[in-house]
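Only one structure is covered here, and it is reproduced in the block below.
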Amino acid sequence: MNAPIRVLVVDDEAPARAALRRMLSEDPEVEVVGCCADGGAALVAIRTSAPELLFLDVRMPGIGGLEVVQAAGSSPPRVVFVTAHAGHALEAFDAAAVDYVLKPFDDERFARALGRAKAAVRADRTVALAQRQAGERGAAPPEPRYLERITVPTGDGVRIVPVAEIDWIEAQDYYVEVHTGGRGYLLRRTLKQFEELLDPRRFARVHRGAIVNVAFVESLHPASHGERDLLLRDGTRLKLSRVYRERLRDLL
């Protein structure tokens with residue numbers, strides 16, 4: 001469990017690879033197991049070197065970073081995308097990226113990304129160890145891992161939003177609008193797809209078009225025809241469908 005985290009650097013620009021390798025070498029908790037200049041070489045290195053973490057460029061000749069993740073199998077390494085292009089943040093979110101770092105970046109921004117990535121890898125190791133021990137004892141496997149943070153587009157790049165800070169999520173056709181801190185962010189994902197990624201102990205569907213963070217439900221109020229309304233911490237008032245009332249009551 002305390003072995004260095006195995007990291008693979010993938011970028012088609014030699015100066016970028018060298019810079020990432022230098023910054024990673026300063027952290028005794030990680031080990032750079034290779035550097036690749038294209039996606040094809042990265043896929044070979046993933047099979048032969050078994051990295052736990054990729055620092056991966058998005059746009060590269062031939063196979064790009066997103067394609068690398070898709071081709072890496074059902075359990076790819078954790079990924080921090082490092083790129084000069086802000087426009088792929090939503091796709092990175094779909095690929096379960098730990099972070100999305102825009103070039104140029106400073107030491108502080110890199111340290112935050114690496115810290116998140118190390119925490120994610122350690123969590124993976126803990127889950128894997130628990131699964132092995134459960135298998136040896138014949139016990140039930142540990143609970144599934146749910147979404148912990150999302151990346152949302154902003155005017156000047158992307159923002160990392162902890163899932164615990166989301167107030168509620170609203171269906172918008174083939175999108176969802178995530179409401180947090182008085183702002184809304186559109187993500188290209190259906191409400192059902194998003195719901196499957198959330199911890200059901202913390203988030204609940206209240207009607208067919210909305211999911212709420214149970215921690216931010218302020219109060220319940222009578223509505224017409226025996227219905228109920230929810231009041232959230234941000235002042236939002238939502239209708240509580242009878243279909244979902246019992247489930248919410250259990251969580252509250």
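Val79 is checked against (1) surrounded by fewer than 16 Cβ atoms within 10 Å (Cβ to Cβ); (2) within 20 Å of Arg122 (Cβ to Cβ); (3) not basic (Lys, Arg) and fails just one. What number does that condition carry?
For Val79, the failing item is (1).
Here are Arg47, Arg21, Arg59: which of them is out of contact with any Leu (no Cβ under 9 Å at 6 or more places or on another chain), under 22 Å from Asp107 (Cα atoms) and in the same structural domain as Ala84 (by TED's automatic domain parsing)?
Arg21 is the lone residue from the list that is out of contact with any Leu (no Cβ under 9 Å at 6 or more places or on another chain), under 22 Å from Asp107 (Cα atoms) and in the same structural domain as Ala84 (by TED's automatic domain parsing).
What number of residues within the range 221-252 satisfy the criterion of being assigned to a loop (DSSP other than H, G, I, E, B) and modelled with pLDDT of 85 or more?
4
Got at least one residue in the range 198-220 being in a loop (DSSP other than H, G, I, E, B) and surrounded by 17 or more Cβ atoms within 10 Å (Cβ to Cβ)?
yes
Taking the residues in the range 175-197 that are among the small types (Gly, Ala, Ser) and not in a strand (DSSP E or B) as candidates, determine which candidate is surrounded by the fewest Cβ atoms within 10 Å (Cβ to Cβ).
Gly182
When you look at Ile169, is it in a strand (DSSP E or B) and either closer than 24 Å to His85 by Cβ or among the aromatic types (Phe, Trp, Tyr) (or both), yes or no?
The answer is no for Ile169.
Quick check on my filter: what residues within the range 52-88 are among the hydrophobic types (A, V, I, L, M, F, W, C), over 20 Å from Ala117 (Cβ atoms) and not in a loop (DSSP other than H, G, I, E, B)?
Ala71
Quick check on the range 39-49. Is at least one of its residues within 13 Å of Val79 (Cα to Cα) and of a type outside the set (Val, Ile, Thr)?
For the range 39-49, residues within 13 Å of Val79 (Cα to Cα) and of a type outside the set (Val, Ile, Thr): present.
The values are calculated or read from the model by the stated rules, or taken from the named source; none is laboratory data. All values reported here derive from a predicted model rather than from experimental measurement. Counting neighbours? That spans all protein chains shown, and the Cβs are built from the backbone with ideal geometry, glycine included.
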